[in-house]
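Trainee: Before I ask anything, let me first share the structure, which is written out below as structure tokens.
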Amino acid sequence: MTMIFWAATGIITLVVAVILLRAIRSTGDDDLHSVGFDQRVYRDQLAEIERDQARGVIAGDEAKRLRSEVARRLLATDRVEVAADVVRRGPHSVLVLGAVALMLAAGFGGYVYLGQPGYGDLPLQARITMAEERRAERPNQAALEAALPARPQLEAVDPVFLALVEKLRTAVASRPDDLQGQQLLARNEANLGNLTAAYQAQGRVVALKGAEATVGDILTQATLMVQAADGEVSPEAEALLQTVLARDPGNDTALFFTGIVNMQVGRYDMAFGYWNRLLEGAPADSPWRPEVLARMVALADVAGVKYTPPATTAALPGPDAAAVEAAKDMTPEERQAMIRSMVEGLSDRLATEGGRAEEWARLIMALGNLGELDRAAAIYAEAQKTFAGRTVELSGLRQAAVEAGLPVGGAP
């Protein structure tokens with residue numbers, strides 16, 4: 001099939017090239033044919049004048065005048081012939097031939113670069129139809145989870161805590177309409193890594209709240225389902241995300257995962273739209289910004305969209321200009337004390353208020369630079385629990401641990 005395609009393309013290209021070249025040459029050829037006819041007429045007239053003079057039909061002076069006039073016209077046709085030949089064979093013709101060759105080369109090169117040689121025609125509407133068919137035929141949440149390997153249990157879990165969670169399960173099973181019990185169960189199952197049980201309990205929370213269920217309640221259920229499916233967005237999770245976006249169109253988490261599901265089915269144009277909305281409206285500290293920024297150019301390319309990445313997001317909070325200026329006049333001991341004070345302040349704030357993964361990473365690296373590797377390791381372990389299941393944040397934390405000099409295992 002590929003050979004037939006290229007053979008047909010080559011024949012069509014050759015025919016087009018011949019037509020263009022004939023068109024280029026035709027003007028000069030027509031001019032030369034006309035000039036040749038005029039020259040024959042004028043030469044016949046000169047011969048006729050000579051015969052008339054020889055027979056005495058016209059006088060010598062009249063014959064001389066007639067020959068001069070006809071000779072003048074003959075010289076004029078010679079100049080036209082030269083000009084037409086220059087047009088047909090000169091530099092102008094070479095430029096036109098070069099333009100034709102460039103046009104044909106650009107056509108072939110553009111198709112090889114942008115097209116898919118060897119594949120059949122796939123119009124936009126056909127691709128959209130295929131993508132929507134894939135969307136409709138996606139496996140459901142249960143099938144996605146069944147296809148995954150068994151999830152390893154968390155290590156070093158306090159047995160007392162496990163016993164309390166088991167009691168909570170028994171209590172909630174006997175009182176399924178206990179809203180507070182379901183909320184506690186969802187939270188603790190998630191902490192233990194039992195994501196299926198966690199999103200089922202959270203689903204019960206949403207059902208019990210009914211119309212009073214918040215965007216956060218619904219979003220928590222959806223993200224737990226995505227985590228339980230190892231990053232795949234099931235039809236059930238997508239429906240929850242659409243509910244969130246209907247109530248909060250700028251929700252960055254819902255926009256992120258809705259973009260993911262559209263990439264999974266091949267609707268890159270829609271995925272680009274959702275992620276572009278995320279970058280335009282999400283807060284600067286949105287946890288999804290780094291991953292979206294890293295993949296946006298490639299997504300725009302497959303979506304067929306011209307895209308210029310936005311400016312880099314704002315830097316993490318740090319010492320103000322006054323503190324930096326004051327540090328210039330400090331002794332090394334005083335400067336070290338200031339750094340340690342800032343590190344302790346960051347540590348206290350994260351312990352009491354929490355914070356972004358980037359701030360946890362900065363604390364890990366700062367403790368490593370201070371030589372407090374045990375504290376850095378403890379902070380890293382706590383951060384891993386805090387951001388469990390969030391691949392982007394865990395990746396950044398692991399990189400910070402490596403830079404701090406901590407021994408880390410394989411990819412999180």
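The values are calculated or read from the model by the stated rules, or taken from the named source; none is laboratory data. These numbers come from a predicted model, not from an experiment. Cβ atoms come from the backbone with ideal geometry, glycine included; neighbour counts cover every protein chain shown.
Trainee: What are the residue pairs meeting all of these: first residue in region 12-25, first residue farther than 17 Å from A105 by Cβ, second residue modelled with pLDDT under 65 and of a type in the set (A, V, I, L, M, F, W, C), Cβ atoms under 7 Å, and 6 or more apart or on different chains?
Mentor: Pairs found: I24/V96.
Trainee: Looking only at region 246-274, count how many residues are in a helix (DSSP H, G or I) and under 23 Å from P139 (Cβ atoms).
Mentor: Residues that pass the stated criteria total 16.
Trainee: A further question on this structure: Would region 172-194 turn up any residue that is in contact with a Lys or Arg (Cβ under 8 Å, 6 or more places away or on another chain) and assigned to a loop (DSSP other than H, G, I, E, B)?
Mentor: Yes, region 172-194 contains a residue that is in contact with a Lys or Arg (Cβ under 8 Å, 6 or more places away or on another chain) and assigned to a loop (DSSP other than H, G, I, E, B).
Trainee: Right, next: Within region 300-309, identify whether any single residue is more than 30 Å from G266 (Cβ to Cβ) and either hydrophobic (A, V, I, L, M, F, W, C) or at pLDDT 80 or above (or both), and answer yes or no.
Mentor: no
Trainee: Can I ask one more? Failed condition for R169, given (1) more than 39 Å from the chain's Cα centre (by Cα); (2) farther than 22 Å from R151 by Cα, with all others met?
Mentor: (2)
Trainee: Quick check on region 333-358: of everything there that is within 18 Å of E393 (Cα to Cα) and surrounded by fewer than 14 Cβ atoms within 10 Å (Cβ to Cβ), which residue is nearest to the chain's Cα centre (by Cα)?
Mentor: That would be G354.
Trainee: Separate question: For region 138-157, indicate whether the set of residues that are among the charged types (D, E, K, R), exposed (fewer than 13 other Cβ atoms within 10 Å of the Cβ) and part of a loop (DSSP other than H, G, I, E, B) is non-empty.
Mentor: yes
Trainee: Something else: Could you list all residues from region 235-252 that are more than 15 Å from V265 (Cβ to Cβ), free of Cβ contacts under 8 Å to residues at least 24 places away in the same chain and crowded, with 20+ Cβ neighbours inside 10 Å?
Mentor: L240 - this is the single residue of region 235-252 that is more than 15 Å from V265 (Cβ to Cβ), free of Cβ contacts under 8 Å to residues at least 24 places away in the same chain and crowded, with 20+ Cβ neighbours inside 10 Å.
Trainee: In region 275-305, how many residues are in contact (Cβ under 8 Å) with a residue 60 or more places away in the chain and either polar (S, T, N, Q) or in a loop (DSSP other than H, G, I, E, B) (or both)?
Mentor: The number of residues fulfilling the criteria is 3.
Trainee: Looking only at region 350-376, which residues are in a loop (DSSP other than H, G, I, E, B) and without any contact (Cβ under 8 Å) to a residue 40 or more places away in the chain?
Mentor: Answer for region 350-376, where residues must be in a loop (DSSP other than H, G, I, E, B) and without any contact (Cβ under 8 Å) to a residue 40 or more places away in the chain: G354, G355, L370, G371, E372.
Trainee: Regarding region 254-277, can at least one residue be identified that is modelled with pLDDT of 85 or more, under 27 Å from I128 (Cα atoms) and more than 21 Å from the chain's Cα centre (by Cα)?
Mentor: no
Trainee: Among the residues in region 169-185, are any exposed (fewer than 15 other Cβ atoms within 10 Å of the Cβ), out of contact with any helix residue (DSSP H, G or I) (no Cβ under 6 Å at 6 or more places or on another chain) and under 28 Å from L255 (Cα atoms)?
Mentor: The answer is no; no qualifying residue exists.
Trainee: Is it the case, given these coordinates, that Q202 is crowded, with 20+ Cβ neighbours inside 10 Å and touching a Ser or Thr at 6+ places or on another chain (Cβ under 6 Å)?
Mentor: Considered against the rule, which asks whether it is crowded, with 20+ Cβ neighbours inside 10 Å and touching a Ser or Thr at 6+ places or on another chain (Cβ under 6 Å), Q202 comes out as yes.
Trainee: Give A383, A376 a once-over and let me know the one that is buried (at least 19 other Cβ atoms within 10 Å of the Cβ), touching a helix residue (DSSP H, G or I) at 6+ places or on another chain (Cβ under 9 Å) and over 26 Å from N194 (Cα atoms).
Mentor: A376
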